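Student: Quick one: structure below, then a few questions.
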Amino acid sequence: MQALKEFLKDRSIWIALFAILSTETGMQFGCYKPFLKKSSYARIVNTVSEKAIKTLPTLKPNVLLVGTSVVFEGISLPRLNEKLRDSGIVVQSIAIPGSELIVQELVLRKVLEHPNQIQVVIHMNELQLPWVDRREIIDSSLTMISELDRKLAYQKLTEDKYVVKWENYLSMAIRWFGYHKDIADLLLRPDKRWKEFFKARKVDPNFPYVYVNEYLPSLELFSFTGLQECIEKTKLGNLIPEGSNKFHMDAVNKTCQLMVETKLPVVKNEHTSLFYSRLTNFYSFIRSKGLRIVPVFPPISIYVDPEEMQKRKSFWETEFAETLGNQRLDLTDAIPMEGNALYYYDLIHVNQPGMEVFTDQLASEILKNSASWNLAKEGQKF
């Protein structure tokens with residue numbers, strides 16, 4: 001007991017406790033957000049959602065793009081809106097790299113809380129996702145939902161049947177736990193973080209979009225014929241081809257490995273049923289808001305087994321038909337077969353030339369199908 005009394009008399013303990021509580025309070029109110037690592041999931045989910053909200057009264061989008069890095073890297077919003085200029089359609093994107101359906105829904109809910117003219121949600125569905133869905137919430141998704149409406153996130157975790165550990169809830173509730181890796185990185189390399197901070201402040205705040213893909217390297221630089229050869233040619237330590245760099249070669253290697261690892265039997269199983277349940281929850285919310293949902297199948301590289309992908313697409317169209325509805329767009333062949341590798345940065349994402357082709361094809365499909373969307377004019381109710 002005496003030892004405890006002496007411990008509690010130590011002023012340094014109370015000073016440390018005060019510092020922890022005061023910084024935690026500040027982080028709870030968002031004071032740390034501007035200092036988050038540029039490439040972190042927490043930073044990107046905040047950047048994308050806040051940009052979308054900020055541009056609602058100025059850009060006045062009536063269509064939202066939702067998806068993962070396939071959309072983030074694959075669609076040029078300035079180019080798309082230029083193509084659609086005479087149609088009265090204006091598109092904004094809330095696509096977030098690495099986002100699961102739970103993240104996409106929470107971001108959409110956050111945007112729709114504000115006055116808006118949104119009438120259509122275009123949702124990009126990568127064909128392999130149902131077979132790789134998980135019961136456990138992954139770290140990246142946990143990080144992103146922690147930045148959104150946490151009360152709603154707790155409800156969604158239950159609704160979407162996630163297996164959640166107590167430490168997951170702790171990470172969501174207490175910022176010191178949620179940000180501990182980011183803070184550690186800041187303390188180790190403060191100079192880099194400050195450079196990111198000041199560079200971010202120089203970005204034109206009036207530019208209505210978060211990102212436009214400017215990557216020029218392509219798969220063509222590696223000249224492989226199959227996934228195993230791809231993995232061998234892009235291993236760490238191999239010679240980097242002229243026109244590429246270590247980041248590009250690493251991305252190619254990782255996506256080749258990912259395609260090998262996710263080459264799973266095209267059968268209905270626990271994972272596909274779980275994904276379908278979550279997709280249905282997401283689409284039910286969209287429709288409950290009176291919005292039209294337009295599912296899209298994005299482009300697929302020629303290095304991905306076409307027969308397997310056709311089976312996956314057929315699975316979607318039969319097993320998920322009720323949720324998808326009857327107005328979906330198929331852009332799996334949007335990138336030309338001839339010179340296909342020239343348009344891809346890695347096996348999943350297009351480069352700048354591929355982005356231009358993908359964007360043009362999406363614009364063409366929107367113009368072709370939008371007459372049936374019955375879009376209301378500005379100021380009218382949908």
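Student: Could you do me a favour and compute the accessible area per residue for segment 214-255, 1.4 Å probe, result in Å²?
Tutor: Here the residues of segment 214-255 average 64 Å² of exposed surface.
Student: Let me ask another. Amide H of S93: which non-local residues (sequence gap of 5 or more, or other chain) have their own amide H closer than 5 Å, using H built in the peptide plane?
Tutor: L65
Student: Which whole-number value in Å³ per residue fits the convex hull of the alpha carbons of segment 51-151?
Tutor: 110 Å³
Student: Report, in degrees rounded to the nearest 10, the 0 to 90 angle that the Cα long axis of helix 190-201 makes with the longest principal axis of the chain.
Tutor: Result, in degrees: 50.
Student: Ignoring everything except DSSP H segments at least 4 long, calculate the 222 nm mean residue ellipticity for the chain; use -39,500 (n - 2.57) per segment, divide by total residues, nearest 500.
Tutor: After summing the helix terms and dividing by residue count, I get -15500 deg cm²/dmol.
Student: To continue, here is another question. Using modelled backbone amide H atoms (1.01 Å from N, in-plane), which distant-in-sequence or interchain residues come within less than 5 Å of I335's amide H?
Tutor: I300
Student: How much net charge surrounds F72 when only the other residues with a Cβ under 15 Å from the Cβ of F72 are counted, with Lys and Arg +1 and Asp and Glu -1?
Tutor: Computed value for this residue: -1.
Student: With axes computed from alpha carbons, what is the tilt in degrees of helix 11-28 against the longest principal axis of the chain, rounded to the nearest 10 within 0 to 90?
Tutor: 30 degrees
Student: Right, next: Per-residue HN-Hα couplings for segment 294-308, Karplus 6.51 cos²θ - 1.76 cosθ + 1.60 at θ = phi - 60°, whole Hz, x for Gly and Pro?
Tutor: For segment 294-308, the Karplus-derived couplings read 10, x, 10, 9, x, x, 10, 5, 5, 7, 8, 3, x, 5, 5 Hz, x marking Gly and Pro.
Student: If you only keep lysine pairs separated by 8 or more in sequence, or across chains, how many in segment 57-192 come under 20 Å at the Cα atoms?
Tutor: Here the count comes out as 9.
Student: Projected area of segment 281-347, taken from the Cα convex hull and averaged over every viewing direction, in nm²?
Tutor: Orientation-averaged projected area of the Cα hull: 5.6 nm².
Student: Rg and Dmax of segment 162-202, Cα atoms, in Å?
Tutor: 14.2, 42
Student: Tally Lys and Arg at +1 and Asp and Glu at -1 over the other residues with C-beta under 14 Å from the C-beta of V45: what net charge comes out?
Tutor: Residues close to V45 contribute a combined charge of +1.
Student: For segment 208-215, what does the Karplus curve 6.51 cos²θ - 1.76 cosθ + 1.60, with θ = phi - 60°, yield as ³J(HN,Hα) per residue in whole Hz, taken in order and with x for Gly and Pro?
Tutor: Computed from phi, the couplings for segment 208-215 are x, 10, 7, 7, 9, 4, 10, 6 Hz.
Student: Past the 16 angstrom mark, what percentage of all C-alpha to C-alpha distances in segment 203-268 do you count?
Tutor: Value for segment 203-268: 56 percent of Cα pairs lie more than 16 Å apart.
Student: Where the accessible area of the chain is counted over protein heavy atoms with a 1.4 Å probe, how much of it, in %, is carbon and sulfur?
Tutor: Whole-percent figure for carbon plus sulfur exposure: 57.
Student: Amide H to amide H, which residues 5 or more places from V296 or on other chains are under 5 Å from it, using H placed in the peptide plane?
Tutor: H123, M124, N125, L329
Student: Can you list, bin by bin at 10 Å, the percent of alpha carbon pairs in the chain, starting at 0?
Tutor: 4, 20, 30, 27, 12, 4, 2, 1, 0
Student: Count the DSSP beta bridges whose two residues both fall in the chain, then state the antiparallel fraction as a percent rounded to the nearest 5.
Tutor: 5 percent
Student: If you check each cysteine of the chain for another cysteine whose beta-carbon is under 4.7 Å away, which ones come up empty?
Tutor: C31, each lacking another Cys Cβ under 4.7 Å.
Student: Suppose we keep just the alpha-carbon trace of segment 94-181; what are its Rg and Dmax in angstrom?
Tutor: Looking at segment 94-181, its Cα Rg and Dmax stand at 13.8, 39 Å.
Student: Ordered by residue, what ³J(HN,Hα) values in Hz, to whole numbers, does segment 261-278 give under the Karplus form 6.51 cos²θ - 1.76 cosθ + 1.60, where θ = phi - 60° and Gly and Pro are x?
Tutor: Whole-Hz 3J(HN,Hα) from phi for segment 261-278: 5, 9, 7, 9, x, 7, 9, 6, 8, 4, 5, 5, 5, 5, 4, 4, 4, 5.
The values are calculated or read from the model by the stated rules, or taken from the named source; none is laboratory data. The structure displayed is predicted, hence computed values, not measured ones. Cβ atoms come from the backbone with ideal geometry, glycine included; neighbour counts cover every protein chain shown. With ligands, DNA and RNA removed, areas are computed over all heavy atoms of the protein, side chains included. Shrake-Rupley method; radii C 1.70, N 1.55, O 1.52, S 1.80 Å.
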